[in-house]
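Written out below as structure tokens is the structure these notes cover.
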Amino acid sequence: MKKTLLSSVVCAALVYGADVLPMEKRTFDQSKFIPDISLIMDASFVDRSIKDDEVAHLEVPGVAHGLLGSHSHGDDNHATYNAQNGFNLNYAELVLSSSVDPFFTMDGIFHFSENGVEIEELFFTSNALGYGTRLKGGKFNSNFGYLNEQHHHVWDFADMPLVYDAFLGMHGINEIGAQLQWTAPTPFYLMAGLEVLQGENEQSFGHETIGDVEDPIAEGDDGVSLYVGYVKASHDIGDTTLLGGISYAQGESRIDHGADEENPHAFSGDAKLWGADFVVLYQLSSYSSIKWQSEYLQRELDGIQYNLDATGAVLSSPTMFKEQSGLYSQLVYTHDKNWRMGARYDTILQNDVKNNSIMVEQPNGLDRYTAMVEYHTSEFARFRLQYSRDNAMFNEDGQREKLDTIILQANISIGAHAAHSF
Amino acid sequence: MKKLLTLLTFLPLTLLAHLNIAVSYPYIGALTKTIGGEHITTTVLAKGNWDPHFIVPRPSLIANVRNADALIMNGGQLEIGWLPPLINRAANPKIAPDSKTFLNLSHHIELINKPKVVDRKDGDIHPDGNPHFHLDPQNILLLAGVIKDFLTSIDIEHKAIYEKNYGEFATMWKAKIFEWSQKMADKKGLKVIQFHDNLAYFNKAYSLVNIGTIEPLPGIPPSSKHTIEIIELIKNEKPFCILHDVYHSTKTAEFISGKTGIKIVLMPHDIEALENITDLVALFNHLTGAIK
């Protein structure tokens, strides 16, 4: 009896299933409202001249550490892109975007990795205000500088420019907040923008309490703590496009390295960041171009460094003043739809560190040279071979470690992905 | 003094009445200017000698759409790779795709070659059909009417002028259509090869038969395997010529020509595609006279 009943249910389901209505006749069907969906994978094969365990402990002296490899913070494992020798699955980027109503659009960009899911960006944008003003709210990449707003899969190299990575970390200024941009009614492109952000950057900005809440090392400051402003202008001369911009970011700074095994420390103070960017694109044909892109960043950190012991107790708390700058300059030649190649130069220009007003000597010649060649089977698939010689990395004994890296990167996308802006 | 004041008050108003219309491609600019006459100015975003699919969304174009009172686009996903970021950046509600000052021409034309299955393994296909519809002179006449209605809808005040300009253009164009069809009469049934099927509407209008493309699939650059197949096809089918666009390299076509002796005919797709193509009449004069 049971069997008959079960089979008749299955039969009924099959009959019903075979009679599914075509999409346009389903009364309450909403599938036409599905947002644009795309999925981008980024995977790489890496060969470094230094072992993974050592790479994770390298630092740019006086500037930043933990830029390469993967790091454990308690139960939380944090890996940078291309973290290990051999194969790496950097991320699966899921992008959803659609109009919300006549007044604004929404975009969500999610990074799935083996360590979990990150909301890379999630924001709404309104273009309905008129007068060339655009409002954005949520979590997004700041429009500071040129590269900061671009996603990893748009970059011309597999890794971030050294100065960006050192001053802002692998995500750049990626914050929760609001952005207001205004495009001027001028015959040439002129845009100004202002951003009010929470301020949670691992390398430069932060406002959280460091240490025990009862007896903090550095007390936090609630609320918004980072402000960014910029002006950009562009002009065409024949087939050449020039784009330049200046940017400024100012905020509170809390950098917590209290959990580090070696020399645990924390910093609390204020941070200022200046940026200047310049891009020249010379279009040779519809498919061929030469692009020269350079950015200069300058950072000022002013506050107190707390040197800690293994238990988190403060050993000393000298004043700390850092004035640092660096730049990258890259040239990329697009030969045709299939081939691109490029070279990049990275350097830290200034590295002044004053501990209790006494200058701490820092090594010179912090630079990196990178070259790459790309093959695109189509607009949707890119394979890149990149070599870099990094002279900016030092080990824990303060010895320079020349680092050679070869990265073979595959970046593949499917689905409906919106075109990128300039 | 009073006169001067009146002048000063009305001067900005007359300036505002002057519509600034951004258009994606030169042919749309020419049509819009013909219908709009002195009551509008047009800003053409793309250059006529470049591949219409691959326009760099340079920031100067953001400024152009930022300052526009209306936008006319080709549509059919021809601008999908470059216009959306401009519209997004410009933050101008007048050119938002749902506004009444926005016109998508493809919505007024029946597109041909609409793929039954949409899959990127078939190359960079246009899901709505072939978007190069302006290369059929009959469609130009249709589009002129669409643009006239559009201009009238956003600027009713100058309705009579737009009607008059359209009437004059239609009379002239109809005579030209007759002239061109006479010129092309003996080309009926002629087999041709193309680089990319961007002359689909032109071929259909004059009954030319496209038997193959040099690119293996839409948007995919030539491969040696496919080139050999095309050489074989040319040897077997004996097409009259290769109709080649101006923006792709003719290298592969020249190689094929060297092996088979087939002629290569350069076919401009828009105004400015070649130096002597300065208006729509010159474009079709050239196209209908090129195949000899």
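The values are calculated or read from the model by the stated rules, or taken from the named source; none is laboratory data. What you see is a predicted model; the values in this text were computed from it and never measured. Quick reminder, even Gly has a Cβ in these numbers, built from the backbone with ideal geometry, and neighbours come from all protein chains shown. Calculation scope for accessible area: heavy atoms of the full protein, side chains included, ligands and nucleic acids excluded. Shrake-Rupley method; radii C 1.70, N 1.55, O 1.52, S 1.80 Å.
Tabulated values for the structure
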{"item": "Potential lengthening between B:Ser207 and B:Val265 on full extension [0.36 nm per residue; Cα-Cα distance subtracted]", "result": "19.2 nm"}
{"item": "Computed magnitude of the charge dipole of chain B (debye, nearest 20; Cβ of K, R +1, Cβ of D, E -1)", "result": "200 debye"}
{"item": "Protein-only accessible surface order, largest first, of A:Arg400, A:Arg344 at 1.4 Å", "result": "A:Arg400, A:Arg344"}
{"item": "Solvent-accessible ranking of A:Glu361, A:Glu120, largest area first, probe 1.4 Å", "result": "A:Glu361, A:Glu120"}
{"item": "Solution diffusion estimate, µm²/s, Stokes-Einstein, chain B, Kirkwood Rh from C-alpha pairs, 25 °C, viscosity 0.890 mPa s", "result": "119 µm²/s"}
{"item": "For B:Ile220, residues with placed amide H under 5 Å, excluding near neighbours", "result": "B:Asp124"}
{"item": "Phi to ³J(HN,Hα) by Karplus 6.51 cos²θ - 1.76 cosθ + 1.60 over segment B:58-63, Hz, x for Gly, Pro", "result": "4, x, 4, 6, 4, 4"}
{"item": "For segment A:367-378, Karplus couplings with θ = phi - 60° (6.51, -1.76, 1.60), whole Hz, Gly/Pro x", "result": "9, 8, 10, 9, 9, 8, 9, 10, 10, 10, 6, 7"}
{"item": "Cα-centred dipole magnitude for segment B:16-178, charges only on beta-carbon of K, R (+1) and D, E (-1), debye, nearest 20", "result": "200 debye"}
{"item": "Residue among A:Leu281, A:Leu385, B:Leu135 farthest towards the positive dipole end of the protein assembly as shown, charges placed on Cβ", "result": "B:Leu135"}
{"item": "Dipole in debye (nearest 20) - segment A:315-422, about Cα centre, beta carbon charges: Lys, Arg +1; Asp, Glu -1", "result": "320 debye"}
{"item": "B:Glu38 accessible area, assembled protein chains, probe 1.4 Å, Å²", "result": "140 Å²"}
{"item": "Relative contact order for segment A:282-370, counting Cα pairs under 8 Å that sit 6 or more residues apart, in percent", "result": "26 percent"}
{"item": "Solvent-accessible area of A:Met170 with every protein chain in place, 1.4 Å probe, in Å² to the nearest 10", "result": "30 Å²"}
{"item": "Solvent accessible area, Å² - A:Ser329, 1.4 Å probe, full protein context", "result": "30 Å²"}
{"item": "FRET efficiency, A:Phe112 to A:Thr377 (Cβ-Cβ, R0 30 Å, nearest 0.05)", "result": "0.80"}
{"item": "Modelled FRET efficiency - R0 30 Å, A:Glu202 with A:Asp397, Cβ distances, 0.05 increments", "result": "0.75"}
{"item": "Sites A:Lys25 and A:Phe124 - FRET efficiency at Förster radius 30 Å, r taken between beta-carbons, to 0.05", "result": "0.35"}
{"item": "For segment B:262-270, Karplus couplings with θ = phi - 60° (6.51, -1.76, 1.60), whole Hz, Gly/Pro x", "result": "6, 6, 10, 10, 7, 10, x, 9, 7"}
{"item": "Contour excess over end-to-end distance, with Cα ends at A:Val360 and A:Ala419 and 0.36 nm allotted per residue", "result": "16.5 nm"}
{"item": "C-alpha center-to-center spacing [segment B:154-200, segment A:339-414] in angstrom", "result": "57 Å"}
{"item": "Accessible surface ranking that places the most exposed of B:Leu217, A:Leu226 first, with a 1.4 angstrom probe", "result": "B:Leu217, A:Leu226"}
